[in-house]
1. Residues that are in a loop (DSSP other than H, G, I, E, B), at pLDDT 95 or above and over 18 Å from TYR37 (Cβ atoms): does the range 464-476 have at least one?
2. If you take the residues of the range 563-597 that are among the hydroxyl-bearing types (Ser, Thr, Tyr) and part of a loop (DSSP other than H, G, I, E, B), which of them is farthest from LYS155 (Cα to Cα)?
3. For GLY512, which of the numbered conditions (1) farther than 30 Å from GLY455 by Cβ; (2) small (Gly, Ala, Ser); (3) surrounded by 12 or more Cβ atoms within 10 Å (Cβ to Cβ); (4) at pLDDT below 90 fails to hold?
4. Applying the selection to the range 177-216, what residues are in contact with a helix residue (DSSP H, G or I) (Cβ under 7 Å, 6 or more places away or on another chain) and among the aromatic types (Phe, Trp, Tyr)?
5. Pick from the range 281-297 the residues that are in contact with a strand residue (DSSP E or B) (Cβ under 6 Å, 6 or more places away or on another chain) and assigned to a loop (DSSP other than H, G, I, E, B): which of them is farthest from GLU27 (Cα to Cα)?
6. Could you look through the range 40-97, keep only residues that are free of Cβ contacts under 8 Å to residues at least 60 places away in the same chain, buried (at least 16 other Cβ atoms within 10 Å of the Cβ) and among the basic types (Lys, Arg), and pick out the one that is farthest from TYR227 (Cα to Cα)?
7. Scan the range 226-261 residue by residue and report those that are surrounded by fewer than 22 Cβ atoms within 10 Å (Cβ to Cβ) and more than 20 Å from GLY282 (Cβ to Cβ).
8. Residue by residue through the range 1-29, note down the ones that are closer than 23 Å to TRP229 by Cβ and hydrophobic (A, V, I, L, M, F, W, C).
Amino acid sequence: MGDKPKFYITTAIAYTSRKPHIGNSYEIVLTDAIARYKRMQGYDVFFLTGTDEHGQKIEEYAKAANVSPKAYVDKVAGEIRGICDTLHVSYDKFIRTTDDYHEKAVQKIFKKLYDQGDIYKGEYEGLYCTPCESFWTESQLDENGCCPDCHRPVKKAKEEAYFLRLSKYQKQLEDFIESHEDFIYPEARKKEMLNNFIKPGLQDLCVSRTSFTWGIPVSFDKKHVIYVWIDALSNYITALGYDPDAPGELYKKYWPADVHIIGKDIMRFHTIYWPIMLMALGEPLPKQVYGHPWLLFGEDKMSKSRGNVIYADDLTKVFGVDAVRYYLLAEMPHAQDGSITYETLIERYNADLANTIGNLVNRTVAMQQKYFDGVVQTPAEAGEFDDDVRALALDTVKQVDRCFAEYKIADSVSCVLTLARRLNKYIDETMPWALAKDETKRARLGTVLYNLLEGIRYLAVLLSPYMPDTADAIFAQLGTDVRDYDSLKAFGGLKAGTKVGTPTPLFSRIDGEKLITELLEQQKKEQETEKKAAQAAGLAQIGIDDFMKTELRVAEITACEPVKRSKKLLKLTLDDGSGAERTVASGISPWYKPEDLVGKKVVLVANLKPAVLCGVESCGMILAADCSEDDVQVVFVDSSMPNGARIR
């Protein structure tokens, strides 16, 4: 017997800025289901996940929390790994980019690329988005002049930096993508990358920074730290022991990756920057990059500011781990954004899990106990509908296999559920309770129950990648350990004479209305507690020295006009007493007309870093109060106050 075929699968590593919400957790559960399915098929699987822990944003979060960057990422990385474990994710390795071996390998990769001329030193001047840690040109900004990825303000930045020669490899990358049809998947993502990013021309990529220190130092130029993408993307090979001088055994065994599972928002980095890095290193490219859609809360992207964040560990306490896993996998379309609401989660739980699957298993095992003392009979008397059930069970295996090959996991769940519904229908068609009343139908009754139990065994095997604990519970009730994938090649793997276990409900129905009320009340309390804690922490942390760092001055609005590229911004021209005009962009146009503001005196935050908003360089900020959800009021001061007066 030959060696098992290899299968190397990865998630994107999670950024350790904050605890991940349920939308982030979808990817890890999706990847886990694929890894489990491949193992079940007999593959030698290596499943990698982990955390991305460097960068300016981390440095700023740590400073705000008054802890070191390492202490900050240790805490968040622990939360991320904890959620993986809570969701029963079967990863083989969890990498952290602060791991010593990773940092050393990244330094060697950077040095190799520099020595061969693929990295060079230059100077970067452009527009920088701190949350995304990305530089942009003016033409790349969104319609509001903000970051095209996160739509937050950008600011001008200029610094010495090292660059990766993307332009050198443009033609090679384009040829590779066009000659490897499945490299970027699905097809729509491939067209987007080629037409929107590659063919218009690649600009060389900034790969080091000097404006912050929380990163891996460039080994030969210590004032530079290695910028996010060479650091983060390299994890896929450093986790396997890659070293430019002597790659490790795991690397030789598993690379290239069979598939990178990533969110659609980071396709560009994985299908342009990463392949070019590998080309420059002379290493094989991954076989496929699958960009999955987002999981939304209702129709909105989840965010703390919207108050619509749901966490996986909170959901598992209410619904159980397998129910959460099932929902994530069943509800997410292949190429379109999915949605999660408490209502749809409860609906699927009751309909699919409690009614269809749970009820099927419970009543079938109960009938086997009642009519045959739990002993599985040898199928002896075939009848109508039997062939349909057997054929569907065998076909379901083929359909699920096809769906997994195309990463259409929600479709595969639907196939399994269809089999469960068919088995429920088979009970109604054959009416075992009626057969049990006629002693001459005993052989037929035994056959019917055998077909049901064997069909349920098929369900349990196929459910294993999605709901491993539920599958274990079903096998325990069936009293069998025949659960390998090969046992699905022919209907009849359940041995006659097996004694089924005690019928135990797998899922209990939920009172949806009551639960939603409780969940919303709990969420509201938690938000209020967080808000109070944040306010208390803010009062406790700031001292007079901190307050004095903010320069508040009286300024007079001398001119005001709408910003053409924005519905919210007004461009204010201010006299701050310095003798030079100052421009500030303020999002107050829903509440004020330009003519209402000219001549008024306001409080100016004078030492705020400039930021470009919708093409307007905003040099400061004016103070305003959130009076209610739909009311913002600018803080005006007495006209007798001189322009430039310091407010203390």
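The values are calculated or read from the model by the stated rules, or taken from the named source; none is laboratory data. Here the structure is a predicted model, which is why all the values come from computation and not from measurement. Positions of Cβ are backbone-derived with ideal geometry, glycine not excepted, and every protein chain shown enters the neighbour counts.
1. Of all residues in the range 464-476, those in a loop (DSSP other than H, G, I, E, B) come to 464-467.
Retained after the next criterion (residues that are at pLDDT 95 or above): 464-467.
Then keep just the ones that are over 18 Å from TYR37 (Cβ atoms); that gives none.
No: the range 464-476 contains no residue that is in a loop (DSSP other than H, G, I, E, B), at pLDDT 95 or above and over 18 Å from TYR37 (Cβ atoms).
2. So, considering only residues that are among the hydroxyl-bearing types (Ser, Thr, Tyr) and part of a loop (DSSP other than H, G, I, E, B), the one farthest from LYS155 (Cα to Cα) is TYR592.
3. Only one criterion in (1) farther than 30 Å from GLY455 by Cβ; (2) small (Gly, Ala, Ser); (3) surrounded by 12 or more Cβ atoms within 10 Å (Cβ to Cβ); (4) at pLDDT below 90 is unmet by GLY512, namely (1).
4. PHE183, PHE197, PHE212, TRP214
5. Going through the qualifying residues, I end up with PRO286.
6. Among them, the one singled out is ARG81.
7. Residues satisfying the conditions are ASP258, VAL259.
8. Scanning the range 1-29 gives ILE9, ALA12, ILE13, ALA14, ILE28.
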